[in-house]
Amino acid sequence: MSTAAERVRAALKADDPVNAIEIPEVEARDHSDTCVTIEVARDRLHHALSLLKERAGFEAVSFITAVDRHPATPRFEVVHQLWAPAYGDRVRLRTRLLDDQTSVSSCTDLWSGAAFMERECFDMFGITFDGNPDMRRLLMPEGYGHHPLRKDFPHRGIDPERLYREWDQNRRGEALA
Amino acid sequence: MGSLTPAEGAADSGFLTTKMDALVNWGRKNSLWPMPLGLSCCGIELMAMIGPKFDIARFGAEAARFSPRQCDVMIVAGTLTWKMARAARTVYDQMPEPKWVIAMGVCSSTGGMYDSYAVVQGIDSILPVDVYVPGCPPRPDAVIDALMKLQKQIERESPTRQIMGTDRDQDERGTGTSEYQPNVTVDATDLDHHPHDPRSVRRETAR
């Protein structure tokens, strides 16, 4: 029975050297034998996900989220966690975004169910996923304009009543007209 | 029928008005149809209250309808988010007059433990609330108590005065002048004025 780290390393040492992903740090964060954490460059993220899905048995995506390191820079990390049902172990991919970047490639072509997780991540952190066909907010109302899980967002919110008051004002205006 | 008593402070209003008020109020308070706006866990207690064990049929309020057009009292049971606030307000506006609102649970009364960007900090900032019920969630007994308090409040209202046009400054509740008119009122920044709402702002505009 191969461990998750072995399967991850085998899968990412792709047979074509052009797309091979450098993985010296694969086991740097191997904090248990059922979950391996690796770091992936932003432009290699989608390729790494597809390799892990096709070659290492990580067939399901558990979650997609982000980490805000504010005020440190670079600020954002995107985290994908995959699950291998046949082996019962997990792999976690951390993708650091550079200073001015707030987008990564979408993996909705690999897992269509990832679309909602990417939408939630966009809603809460403002990170867009290139290739997601429906990059709208998920939880907050459309047009809110802020991203609540960012570290510089106050917990009571920025003008949470605004959209309701605008709607209320329009409604009253229509009722008068 | 013991409740067929004249409204308080109505000694000067004349026989017809007071007896008519008493009759209308008696009918209204004993046939409250709740609009169950169950938004979270309070909705479970609300279902228990409507069900046979607690049985609000004893108060004439068992006919819970999920259509606002047929309802008298909106029971906001649970956490109201700002995203849901539009729907709640629309439901309230669709209810025919006369109508009352019970804020069930601390979430709808004050925001409760959700001191958060997403949650309305008390539904009285968008709706005129008549009775607040504390609790997280309140037991069905507490909501029945609120219903009985609402019945007592309805007893004190003066519907005839407004219908007969003798005192147009009195609102239908008979508790004071009110410019409260859903859908028609108010400059953009004002809250609706409501006589029972301590946070409401009375407009100082000339009529």
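Conditions (1) over 26 Å from B:Gly112 (Cα atoms); (2) modelled with pLDDT under 90; (3) touching a helix residue (DSSP H, G or I) at 6+ places or on another chain (Cβ under 9 Å), marked per residue:
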site: B:Ile44; (1), (2), (3): no, no, no
site: B:Ala61; (1), (2), (3): yes, yes, yes
site: B:Gln70; (1), (2), (3): yes, yes, no
site: B:Met74; (1), (2), (3): no, no, yes
site: B:Ala77; (1), (2), (3): no, no, yes
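Within region A:110-131, identify whether any single residue is within 14 Å of chain B (Cβ to nearest Cβ), of a type outside the set (Asp, Glu) and outside any strand (DSSP E or B), and answer yes or no. Break it down into steps so the answer makes sense when it comes.
Taking region A:110-131 first, the residues within 14 Å of chain B (Cβ to nearest Cβ) are A:120, A:123-124.
Subset that is of a type outside the set (Asp, Glu): A:124.
Now restrict to residues that are outside any strand (DSSP E or B): A:124.
Scanning region A:110-131, I find at least one residue that is within 14 Å of chain B (Cβ to nearest Cβ), of a type outside the set (Asp, Glu) and outside any strand (DSSP E or B), so the answer is yes.
Can you tell me which residue within region A:120-177, out of those that are of a type in the set (Asp, Glu) and farther than 23 Å from A:Arg69 by Cβ, is nearest to the chain's Cα centre (by Cα)? Outline the logic, then answer.
We begin by selecting, within region A:120-177, every residue of a type in the set (Asp, Glu); these are A:120, A:123, A:130, A:134, A:142, A:152, A:159, A:161, A:166, A:168, A:174.
Filter once more, keeping what is farther than 23 Å from A:Arg69 by Cβ: A:134, A:142, A:159, A:161, A:166, A:168, A:174.
On the way: A:Asp134: 15, A:Glu142: 20, A:Asp159: 27, A:Glu161: 29, A:Glu166: 32, A:Asp168: 35, A:Glu174: 41 Å.
By that ranking, first place goes to A:Asp134.
Which of the numbered conditions does A:Glu161 fail, given that it passes all the others? Conditions: (1) of a type in the set (Asp, Glu); (2) within 14 Å of chain B (Cβ to nearest Cβ); (3) surrounded by 19 or more Cβ atoms within 10 Å (Cβ to Cβ).
Status for A:Glu161: all satisfied but (3).
This table checks each residue for (1) charged (D, E, K, R); (2) under 21 Å from A:Ser50 (Cβ atoms); (3) in a loop (DSSP other than H, G, I, E, B); (4) away from every other protein chain (no Cβ under 14 Å).
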| position | (1), (2), (3), (4) |
| --- | --- |
| A:Thr73 | no, no, yes, yes |
| A:Gln81 | no, yes, no, yes |
| A:Leu93 | no, yes, no, yes |
| A:Arg137 | yes, no, yes, no |
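Please count how many residues of region A:145-158 are on the phi < 0 side of the Ramachandran plot and surrounded by fewer than 15 Cβ atoms within 10 Å (Cβ to Cβ). Talk me through it step by step, then tell me what you get.
Applying the first criterion (on the phi < 0 side of the Ramachandran plot) to region A:145-158 yields A:146-156, A:158.
Still in the list and also surrounded by fewer than 15 Cβ atoms within 10 Å (Cβ to Cβ): A:151-152, A:154-156, A:158.
Final tally of qualifying residues: 6.
Those residues that are at pLDDT 85 or above and at the interface with chain B (Cβ under 9 Å from one of its Cβ atoms), I need them from region A:147-158; list them, please.
Within region A:147-158, A:Pro148, A:Phe153, A:Pro154 qualify.
When the residues of region A:164-174 are narrowed to those that are surrounded by fewer than 17 Cβ atoms within 10 Å (Cβ to Cβ) and touching a helix residue (DSSP H, G or I) at 6+ places or on another chain (Cβ under 9 Å), which ends up nearest to the other protein chains (Cβ to nearest Cβ)?
Going through the qualifying residues, I end up with A:Trp167.
Could you tell me whether B:Arg139 is among the basic types (Lys, Arg) and within 30 Å of A:Gly143 (Cβ to Cβ)?
Details: among the basic types (Lys, Arg): yes; within 30 Å of A:Gly143 (Cβ to Cβ): no.
Answer is no for this residue.
Which of the residues spanning region A:100-144 are of a type in the set (Asp, Glu) and surrounded by fewer than 16 Cβ atoms within 10 Å (Cβ to Cβ)?
So in region A:100-144, the residues of a type in the set (Asp, Glu) come out as A:100, A:109, A:118, A:120, A:123, A:130, A:134, A:142.
Matches in region A:100-144: A:Asp100, A:Asp109, A:Asp130, A:Asp134, A:Glu142.
The rows are residues; the columns are (1) within 14 Å of B:Ala118 (Cβ to Cβ); (2) touching a Phe, Trp or Tyr at 6+ places or on another chain (Cβ under 6 Å).
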{"position": "A:Ala114", "(1), (2)": "no, no"}
{"position": "A:Asp130", "(1), (2)": "no, no"}
{"position": "A:Leu138", "(1), (2)": "yes, no"}
{"position": "A:Glu142", "(1), (2)": "no, no"}
{"position": "A:Gly145", "(1), (2)": "no, no"}
{"position": "A:Lys151", "(1), (2)": "no, no"}
{"position": "A:Asp159", "(1), (2)": "yes, no"}
{"position": "A:Tyr164", "(1), (2)": "yes, yes"}
{"position": "A:Asn170", "(1), (2)": "no, no"}
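Matching residues to (1) in contact with a strand residue (DSSP E or B) (Cβ under 6 Å, 6 or more places away or on another chain); (2) free of Cβ contacts under 8 Å to residues at least 60 places away in the same chain; (3) not hydrophobic (A, V, I, L, M, F, W, C):
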| residue | (1), (2), (3) |
| --- | --- |
| B:Phe59 | no, no, no |
| B:Pro68 | yes, yes, yes |
| B:Asp72 | no, yes, yes |
| B:Leu80 | no, yes, no |
| B:Thr90 | no, yes, yes |
| B:Trp100 | yes, no, no |
| B:Gly112 | no, yes, yes |
| B:Ser125 | no, no, yes |
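The values are calculated or read from the model by the stated rules, or taken from the named source; none is laboratory data. Remember, predicted model here, so these are calculated numbers, not experimental data. A quick note on method: Cβ atoms are made from the backbone with ideal geometry, for glycine too, and the neighbour counts reach across all protein chains shown.
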